[in-house]
């Protein structure tokens, strides 16, 4: 996945804290195992310093055709994480939908097309749809398709549910901007893409794409050490004092926190004339949003042709006039709209264009997915990532059709400079097969030799267990260089050897899924709440 330089530079503190989760211990195969990470769940609540409670790639993301929504920080009035008596219970329930509400949401298909979606409230037979206060259509089902909107512009939609007599039952409103669609990441071979810009003779900036596990850059000039940049936020180096007539060769090498070389590239140039990408500015003003946390975000906008400055309004009040093209804020409140208006002015103060943008850091993906179940996931991504060791959990998994509880490790730096993207599934428990313990090792390969690791390979195993729902059992894996051994209750059940065994940083995940391609859907026999009870999780290293 190609890094977005703008994203990496701004929230450097967030990314830097994640990088420090890596453990760089060198495995000594002759040493005894020592405990390096554990949670015995002895308190009365989940330790948020050890565990994140959503997938790294976003809240509410649906994978494997699953039917649950993973609740984070007591969303929707539900906490799936119950801690007491030295145990963690991850609990799944049926989603308590209110039949009097619309749960209005959207799907964005392209920069110019979108669809409004809602749940059908009790008694509703038709729906009036309004856009920015103007009537658009009467819809009969639970959706309305909008084929042509202006890219990157806010539109406020209102849906009014009507009963059979034409009386309004409930109304809901939603602001949508097609710029909020999920980004597309085309397949491309990862590289630093080292480049340079000459702003004036002798004034140069080196730029590069940032590897997602980079923590240090070593820069050489004409074959000699020139500068070290420590930190994850670097994507450029400004050089204001070069000699315009001299030829320079710069080499930039990226290293991770464990001092492992990632990749490098060199570029040569003579900074004697300007070399900056020309841009006369866009025709229309489009505002983009980068959300960094629940309280921090940034809006930025296109450089409109002939623009000299911009007036910024927030919630209807004038904030400032600026020639910059971004505004950073750190006081956002989730589920509270922050409304911005940006006005483009020319050098005489005349208005050229304007547009608006609503920011809300609240998570509405529950409405988006409209999943019929709520459940939980814990990951050690921001607290503990490691290479090699013994990983163990003692737990009791739930029985029931469609329940899928799992304890696994995932590659910490997904989709870029470690293309194998390995996954170590220590135990997967399917709720209606309570005497089977499933283990698996998944990884990506490049079968056709084109440089793209798009082919998924798996080594899978089934082992017998004496009803994982009736009693607690231990599930563990010994992971070392070229060797991966799975255990159930201390008994080896599968061994994988050779170069395919991961040598990449991994992190811990435990979750209770409902439905999906592996277990199939839950049904009327499935007991809720379903409970995945964990006594402890531990990691040892040599």
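A short reminder: the numbers here are calculations on the coordinates, not readings from a lab. Nothing here was measured: the structure is a model prediction, and the numbers come from that model. Virtual Cβ from ideal backbone geometry, glycine too; neighbours counted across all protein chains shown.
At a glance:
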| quantity | calculated |
| --- | --- |
| Convex hull volume of region 105-180 per residue (C-alpha atoms, cubic angstrom) | 76 Å³ |
| Ellipsoid equivalent to region 32-136 - semi-axes via the Cα gyration tensor, in Å | 40, 18, 11 |
| Over the chain: helical MRE at 222 nm, DSSP H runs n ≥ 4 each giving -39500 (n - 2.57), nearest 500 | -500 deg cm²/dmol |
| Pairwise FRET efficiency - residue 328 versus residue 98, Cβ, R0 = 41 Å, nearest 0.05 | 0.65 |
| Point-to-point label distance, residue 64-residue 313, nm (Cα→Cβ direction, 7 Å offset) | 5.0 nm |
| Packing-based ranking, highest mean first, of 207-214, 493-500 given that Cβ atoms within 10 Å are counted | 207-214, 493-500 |
| For region 381-465, the fraction of alpha-carbon pairs in successive 5 Å shells from zero, as % | 3, 12, 19, 20, 17, 14, 10, 4, 1 |
| Pairwise label distance in nanometres, residue 337 with residue 236, each label 7 Å out on the Cα-Cβ vector | 3.5 nm |
| Relative contact order (%) - the chain, alpha-carbon pairs under 8 angstrom, separation at least six | 19 percent |
| Computed FRET value (nearest 0.05) for residue 245 with residue 348, which takes r as the C-beta separation and R₀ as 56 Å | 0.85 |
| Nearest-0.05 FRET efficiency for residue 272 and residue 44, computed from C-beta distance (R0 60 Å) | 0.30 |
| Exposure proxy ranking, count of Cβ atoms within 10 Å, fewest first, for 413, 78 | 78, 413 |
| Two-decimal Rg to Rh for region 156-241 - Kirkwood Rh, Cα set | 1.39 |
| Relative contact order (%) - criterion: Cα under 8 Å, at least six apart; region: region 287-359 | 32 percent |
| Spin-label pair residue 497/residue 222, simplified geometry with 7 Å Cα→Cβ offset, distance in nm | 5.5 nm |
| Peptide ranges 137-146, 401-410 listed from the most packed, as the mean C-beta count within 10 angstrom indicates | 401-410, 137-146 |
| Convex hull per residue volume in Å³, alpha carbons only, for region 287-359 | 77 Å³ |
| Region 78-145 - Rg and Dmax from Cα coordinates, angstrom | 18.4, 58 |
| Stretchable slack from residue 518 to residue 452, in nm (0.36 nm times residue separation minus alpha-carbon distance) | 21.1 nm |
| Peptide ranges 152-164, 257-269 listed from the most packed, as the mean C-beta count within 10 angstrom indicates | 152-164, 257-269 |
| Rg followed by Dmax, in Å, when the chain is reduced to its Cα trace | 26.7, 82 |
| Diffusion constant of region 376-428 at 37 °C, which comes from Stokes-Einstein with the Kirkwood Cα-pair radius and 0.692 mPa s, µm²/s | 248 µm²/s |
